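The values are calculated or read from the model by the stated rules, or taken from the named source; none is laboratory data. In this text the structure is predicted, and so the values were computed from the model without any measurement. Every residue, glycine as well, gets a Cβ built from its backbone with ideal geometry; the counts of neighbours run over all protein chains shown. Note: areas computed on protein heavy atoms with side chains; ligands, DNA, RNA excluded. Shrake-Rupley method; radii C 1.70, N 1.55, O 1.52, S 1.80 Å.
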Amino acid sequence: MECRVEGEKPVLELRQVSIAYSRTPILHSIDLSLYPGEIHALVGENGAGKSTLMKTILGIISPDHGEVIFFGQKRQQQSLKQIMDAGISMIHQELMLIPELSVAENIFLGREHELGFWPWKRKKNAQLQTLELLSDCEIPLDSSTLVKNLSIAEQQLVEILRAISQRAHLILMDEPTSSLSEKEITLFRRLINKLKNEGVSILFTSHKMEEIFGFSDRISVLRDGYLISSKCREECTEQEVVQQMVGREMNQFFPHREVQKGEICLQVKGLGIPGLFQDIEFDLHQGEILGFGGLVGAGRTDIGKAIAGLLSPQSGEIIWRNKSVSFKSPQDAIKQGIGYVSEDRKEMGFIPEFSIQHNITLSSLLSCQRWGILDKVKEKEIASAHIARLNIKSKGVGQQVMNLSGGNQQKVVFGRVLQHVPDVLILDEPTRGIDVQAKFEIYTLMAELSRQGKSIILISSDLPELMHMSDRILVISKGKQTANLNKEETNPAEIMFYAMK
Amino acid sequence: MNLKKILIGSQSGGIFLALILMCVLISSLTPRFLTDTNLLVILNQVSVNAILAFGVTFVIISGGIDLSLGSMLAVAGVVAALFAKSDGGNVYLALLMALGVGALMGAMNGFTVILSKVPPFIVTLGTMTIARGAALIISSGRPVSDLSESFNYLGNGDLVGIPIPILFLVGTYVVCHFVLTQTVFGRYVTAIGGNETAAWVAGIPVAKVKWWVYTLSGIFAALGGILLSARINTGQPNAGLGFELDAIAAVIIGGTSTRGGKGSMTGTLLGVLFIGVINNGLDLLNVSAYWQQVVMGGIIILAVVLDSVYQKMKR
């Protein structure tokens, strides 16, 4: 994989692009080139300007200064249809598929006219072309399945297929792998390589180092709207990239932790819900971090939900502080000291229109009231304390959570959960889609909590995270527990072996 | 200056401005508008709609809807009248029974919405018809008259010169505003409307809160029914036809989001007054009752459109 610099003409060139929103500069004269068949990773913390840069290339935003040149032509602000016709395609972080339509219909959405005049002909052609595409890319999906019946990861693959079928010359991907597990990432890698061989250029953002280094030919780092570096992959190291992203030396990405295992506080015996998972058994000690490894869709999330009272187990038992318990609702679990941070932050984590303050106190309002009347002074004190402790970047306790970045939203969720003083925390993908700095802070927080004797169940698809943060790792595959491994005695390969078993 | 804060700082700024403009417009067209008597008439006229609207504001903020208000009002009004006959009736028993019946119907709405997971629009649409039928059955389809003096007083009497219905309007506003903004219950209702799943995961007893919201709506509808029966001194099984739409219109004009999660009692109060002022103005200007409806609908749409433009401008 050579890193092209001279000779070839770039597909896309950014010249001195600057953008400001209401006088706040977002991008400072960015120069960037993309060559045919190049896979270009754009990295940076949340708020560094990656999304704005992508939108500028796409043509949704026009730059205040400088120009974007695509195939030798200056790009103007365009409608989505024009953008598609120009040969640029974007895969958003939020999926843009229509759940009630089939895979084939989604892939050809908005381009039905290419499939012929008659509806039945269109349907047949869509099926045929999708089948061809699927077999071409070796993706095990059925073209007639409705999208609502697919997992998030499979939907993501459909999005990518759509971009491929549009025969785009340039594909922009905003965190394309954030919801993919190892297995799907392999499929993803295959797709990327296929595109590369066809000369398609790809610009993608990611927070995962293994992908940034695994896929890309070139890595560009953005920080606070400045392009810090743009180098061939071979010329950079992980350490260097992280350092460039955060702007300071990060000696240890994962905090050092002295494990002090206390007594057993949670025992799970033969836990099962038909169709989701079965025969799950483990002990959780005080101060221990137990990792749940496995592929996306293996049932890890459902096990977490069952312990946190979101799902009712059909068999087995949960023994909590030497008593068999069955939680009917999250409320029951919270009362018993179980905290839960969902993988689906938007849907289950917070109330978007509520302020930081109201979100943080939401699970513990009963301690901020008398006779049902709220003690708002106390509420504010609590919220301010969490903002300081968790380093939540905001305009104050009154800012609406929907206006915060992903990392800060996650910290608000942590604030809410910590405020109801749980003894066990179930963290489902706690660092998904958040920036490096916030990730580091969450790891530090986890280490501190375990030092205080709190137990943590960490469900994570990020192998380095799982390996470094957990004391023990329970591997789940297809709803069954396939291994219970000690951190010291295992390695990523072994975990993957059991995950695919 | 406080006025600036009201206009720009709060959700209800747009509707407040619209109400003032409407008052200025009408009083420039007729001198009979801006008089003490007329203003009291307006407040008295809107009191029933206001009470329904306060109740349904909770429902709408929680992300639901209640279409059965008018019918529940009729049932409660008839029940109150039956227990408040001039021969041997008891006003206190009448109040208790009417409120109890309202609470019961609201509670049934709540149960059905929670247990069946059928959208509240459908559930309360059903209740609307059922309750209307119940009102006709209880009264055998005839108005219930010959009501006691003390019951009549509730609708037509006054205390230190202020009509009783207006006192109820003010009282319910104060209580509802306090409950919505200062209590755990109010916070829970808003949270559920904002993101029901997240509220549940955060440990809020969602089902219980929703049940209470519909029950409250029934109680407020019953209170409206009592006041209306008392005012016309008759329990009318056909009373309150379409009242739910006036109440919901007032809530929406007041800036409460139909998707839930956002809203205020002050907004609802202003919405109610806005509708009341327009009705009164059209009456004073001798506009025919048919045209009043057309004008009313147009103004409601205009108000909501202007408000959304105004909210965008503020950002």
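Any chance the range A:277-289 includes a residue that's touching a strand residue (DSSP E or B) at 6+ places or on another chain (Cβ under 9 Å) and without any contact (Cβ under 8 Å) to a residue 60 or more places away in the chain? Scanning the range A:277-289 turns up at least one residue that is touching a strand residue (DSSP E or B) at 6+ places or on another chain (Cβ under 9 Å) and without any contact (Cβ under 8 Å) to a residue 60 or more places away in the chain. Selection of helices (runs of 4 or more DSSP H) fully inside the range B:1-89 by the criterion of at least 3 residues being under 30 Å from B:ARG187 (Cα atoms) and modelled with pLDDT of 95 or more returns B:36-61, B:69-83. Of the residues making up the range A:405-441, those that are open to solvent by less than 20 Å² (accessible area, probe 1.4 Å) and in a loop (DSSP other than H, G, I, E, B) are A:PRO422, A:GLU429, A:PRO430, A:THR431, A:GLY433, A:ILE434, A:ASP435.
Just one of (1) more than 10 Å from chain B (Cβ to nearest Cβ); (2) under 22 Å from the mean Cα position of the chain (by Cα); (3) assigned to a helix (DSSP H, G or I) fails for A:ARG389. It is (2).
The criterion of at least 2 residues that are of a type outside the set (D, E, K, R) and surrounded by fewer than 19 Cβ atoms within 10 Å (Cβ to Cβ) is met by the following helices (runs of 4 or more DSSP H) wholly inside the range A:9-110: A:80-86.
Go through the residues of the range B:220-231 one by one and say whether even a single one is among the charged types (D, E, K, R), within 12 Å of chain A (Cβ to nearest Cβ), open to solvent by 10 Å² or more (accessible area, probe 1.4 Å) and out of contact with any His (no Cβ under 6 Å at 6 or more places or on another chain).
There is no residue in the range B:220-231 that is among the charged types (D, E, K, R), within 12 Å of chain A (Cβ to nearest Cβ), open to solvent by 10 Å² or more (accessible area, probe 1.4 Å) and out of contact with any His (no Cβ under 6 Å at 6 or more places or on another chain).
Of the residues A:LEU150, A:LEU146, A:LEU131, which single one is open to solvent by 30 Å² or more (accessible area, probe 1.4 Å) and closer than 24 Å to A:THR301 by Cβ? Result: A:LEU146 is the single residue among A:LEU150, A:LEU146, A:LEU131 that is open to solvent by 30 Å² or more (accessible area, probe 1.4 Å) and closer than 24 Å to A:THR301 by Cβ. Among the residues making up the range A:446-462, those that are in a helix (DSSP H, G or I) and either surrounded by 19 or more Cβ atoms within 10 Å (Cβ to Cβ) or on the phi > 0 side of the Ramachandran plot (or both) are A:MET446, A:LEU449, A:SER450. Could you go through the range A:303-319 and let me know if any residue there is of a type in the set (Gly, Ala, Ser), touching a Phe, Trp or Tyr at 6+ places or on another chain (Cβ under 7 Å) and away from chain B (no Cβ under 14 Å). The answer is no, given that none of the residues of the range A:303-319 is of a type in the set (Gly, Ala, Ser), touching a Phe, Trp or Tyr at 6+ places or on another chain (Cβ under 7 Å) and away from chain B (no Cβ under 14 Å).
Here A:PRO352 fulfils each of the conditions (1) in a helix (DSSP H, G or I); (2) within 12 Å of another protein chain (Cβ to nearest Cβ); (3) surrounded by fewer than 19 Cβ atoms within 10 Å (Cβ to Cβ) apart from (1).
Screening the range A:320-333 for residues that are open to solvent by 80 Å² or more (accessible area, probe 1.4 Å) and assigned to a loop (DSSP other than H, G, I, E, B) and picking the one that is farthest from the other protein chains (Cβ to nearest Cβ) gives A:ASN322. So which of B:LEU169, B:LEU241, B:LEU216, B:LEU245 is of a type in the set (A, V, I, L, M), within 12 Å of the chain's Cα centre (by Cα) and surrounded by fewer than 19 Cβ atoms within 10 Å (Cβ to Cβ)? Within the list B:LEU169, B:LEU241, B:LEU216, B:LEU245, the selection yields B:LEU245. Of the numbered criteria (1) under 29 Å from the mean Cα position of the chain (by Cα); (2) open to solvent by 50 Å² or more (accessible area, probe 1.4 Å); (3) of a type outside the set (Lys, Arg); (4) more than 14 Å from B:VAL201 (Cα to Cα), the one A:GLN314 fails is (1). Look at (1) touching a strand residue (DSSP E or B) at 6+ places or on another chain (Cβ under 9 Å); (2) under 22 Å from A:LEU390 (Cβ atoms); (3) free of Cβ contacts under 8 Å to residues at least 60 places away in the same chain; (4) within 7 Å of chain B (Cβ to nearest Cβ) and you find that A:CYS368 fails only one, number (4). Screening the range A:359-386 for residues that are aliphatic (A, V, I, L, M), in a helix (DSSP H, G or I) and open to solvent by 50 Å² or more (accessible area, probe 1.4 Å) and picking the one that is nearest to A:MET348 (Cα to Cα) gives A:LEU366. Contact map, the range A:9-21: first residue farther than 18 Å from A:ALA86 by Cα, second residue modelled with pLDDT of 85 or more and open to solvent by 100 Å² or more (accessible area, probe 1.4 Å), Cβ cut-off under 8 Å, separation 6 or more or different chains; pairs are A:GLN16/A:HIS65; A:VAL17/A:HIS65; A:SER18/A:HIS65. Remark: pairs (first residue in the range B:273-284, part of a helix (DSSP H, G or I); second residue basic (Lys, Arg); Cβ separation under 7 Å; 6+ apart in sequence or on different chains) = B:LEU284/B:ARG32. Note on the range A:170-181: residues that are outside any strand (DSSP E or B) and over 17 Å from A:GLU343 (Cα atoms) amount to 0.
Residues in the range B:177-215 that are without any contact (Cβ under 8 Å) to a residue 24 or more places away in the chain and basic (Lys, Arg) were compared, and the one that is farthest from the other protein chains (Cβ to nearest Cβ) is B:LYS208.
Can you tell me which residues in the range B:83-96 are buried (at least 17 other Cβ atoms within 10 Å of the Cβ) and either under 20 Å from the mean Cα position of the chain (by Cα) or touching a residue at least 40 places away in the same chain (Cβ under 8 Å) (or both)?
Step one: list which residues in the range B:83-96 are buried (at least 17 other Cβ atoms within 10 Å of the Cβ), which gives B:83-85, B:89, B:91, B:94-95.
The answer is B:ALA84, B:LYS85, B:GLY89, B:VAL91, B:ALA94, B:LEU95.
Return yes when B:GLY141 is loosely packed, with under 15 Cβ neighbours inside 10 Å and not in a helix (DSSP H, G or I) and no when it is not. Yes.
For the range A:334-342, check the following and say yes or no: at least one residue is within 9 Å of another protein chain (Cβ to nearest Cβ) and of a type outside the set (Ser, Thr, Tyr).
Within the range A:334-342, the first condition is being within 9 Å of another protein chain (Cβ to nearest Cβ), and the residues that meet it are A:334-335, A:340, A:342.
Add one more test, that the residue is of a type outside the set (Ser, Thr, Tyr), and what stays is A:334-335.
Yes.
Here are some conditions: (1) part of a loop (DSSP other than H, G, I, E, B); (2) within 12 Å of another protein chain (Cβ to nearest Cβ); (3) touching a residue at least 24 places away in the same chain (Cβ under 8 Å). A:GLY297 meets all but one. Which one does it not meet? Exception for A:GLY297: condition (2).
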